[in-house]
Amino acid sequence: MEITPSAHAAALWAGLHLLLLLVLSLMVVRQRRKHHVVLGDGGVPELVQAIRAFGNATEYVPTGLIAISVLALAGAAPMLVHLLGFILFAGRVAHAVGLSRTGEANLGRTAGVILTWVAYLVAGVALIFYAIP
């Protein structure tokens with residue numbers, strides 16, 4: 001089976017998103033060790049933020065990667081796959097940085113949500129387009 005350029009693009013973005021999830025997971029572990037919290041958040045604001053940054057990414061990244069992968073399988077142009085991968089990744093990084101700094105609303109969190117929604121919207125429309133024979 002020949003691997004298409006779109007599949008290579010999807011693999012790149014899946015790999016980058018997995019690394020992002022690993023970094024966010026390590027940030028949770030770091031806060032747990034620092035504050036000696038084994039289970040839950042211990043009421044520690046920094047740990048709560050780290051847990052939510054990781055949790056929020058795990059809520060959005062899998063669906064985004066599924067959409068990117070299905071587009072690659074459906075024959076979408078590699079540029080579209082890269083565009084969606086980049087927008088989703090930039091959104092998830094911006095959101096994680098914003099949430100890790102403060103629990104309040106801020107530019108990073110807002111930009112992250114908007115970029116994630118844009119990636120979802122474009123991917124959804126593109127998937128419907130590729131579904132029509």
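The values are calculated or read from the model by the stated rules, or taken from the named source; none is laboratory data. Fair warning: this is a prediction, and the values are worked out from it, not measured in the lab. So basically every Cβ, Gly included, is an ideal-geometry build from the backbone, and we count neighbours across all protein chains shown. Heavy atoms of the whole protein, side chains included, go into the accessibility calculation; ligands, DNA and RNA do not. Shrake-Rupley method; radii C 1.70, N 1.55, O 1.52, S 1.80 Å.
Counting only protein heavy atoms and using a 1.4 Å probe, what share of the accessible area of the chain belongs to carbon plus sulfur, as a whole percent?
Working: 5750 of 7840 Å².
Roughly 73 percent, rounded to a whole number.
Mean projection of the alpha-carbon convex hull of the chain over all orientations, in nm²? Write down the numbers at each step before the final one.
Working: hull surface 35.4 nm².
With the hull built on Cα positions only, its mean projection is 8.9 nm².
Sort 36-45, 87-96, 2-11 by packing, meaning the average of other beta carbons within 10 Å per residue, with the highest value first.
Result, highest mean Cβ count within 10 Å first: 87-96, 2-11, 36-45.
Relative contact order for the chain: what is it in percent, counting Cα pairs under 8 Å that are at least 6 residues apart?
29 percent
Can you run phi through the Karplus equation (6.51, -1.76, 1.60; θ = phi - 60°) for region 99-114 and list ³J(HN,Hα) in whole Hz, with x for Gly and Pro?
6, 5, 7, 7, x, 7, 5, 7, 4, x, 5, 5, 4, x, 5, 4
Taking only the C-alpha atoms, wrap a convex hull around region 60-99 and report its volume per residue in Å³ as a whole number.
So the per-residue Cα hull volume is 39 Å³.
How large is the accessible surface per residue of region 1-130, computed with a 1.4 Å probe and reported in Å² as a whole number?
Working: 7480 Å² over 130 residues.
Accessible surface, normalised per residue, equals 58 Å².
On full extension of the chain, what length is gained from Glu59 through Phe86, given 0.36 nm per residue of separation minus the C-alpha to C-alpha distance? Each step should come with its number before you reach the end.
Details: separation 27, 0.36 × 27 = 9.72 nm, distance 1.76 nm.
So the extension gain works out to 8.0 nm.
Mind checking the full-extension length gain between Ile128 and Arg101? Use 0.36 nm per residue of separation minus the Cα-Cα distance, one decimal, nm. Before the final figure, lay out the partial values.
Working: separation 27, 0.36 × 27 = 9.72 nm, distance 3.72 nm.
Length gained between Ile128 and Arg101: 6.0 nm.
Find how much the distance from Val118 to Ile3 grows on full extension, using 0.36 nm per residue of separation minus their present alpha carbon separation; answer in nm with one decimal. Don't skip to the answer; put the middle values down first.
Details: separation 115, 0.36 × 115 = 41.40 nm, distance 2.76 nm.
Difference between extended and current length: 38.6 nm.
So what's region 36-114 giving for Rg/Rh, alpha carbon basis, Kirkwood Rh from the mean inverse pair distance?
1.11
Between region 50-89 and region 1-47, what is the separation of their alpha carbon centroids in Å?
Region 50-89 and region 1-47 have Cα centres separated by 14 Å.
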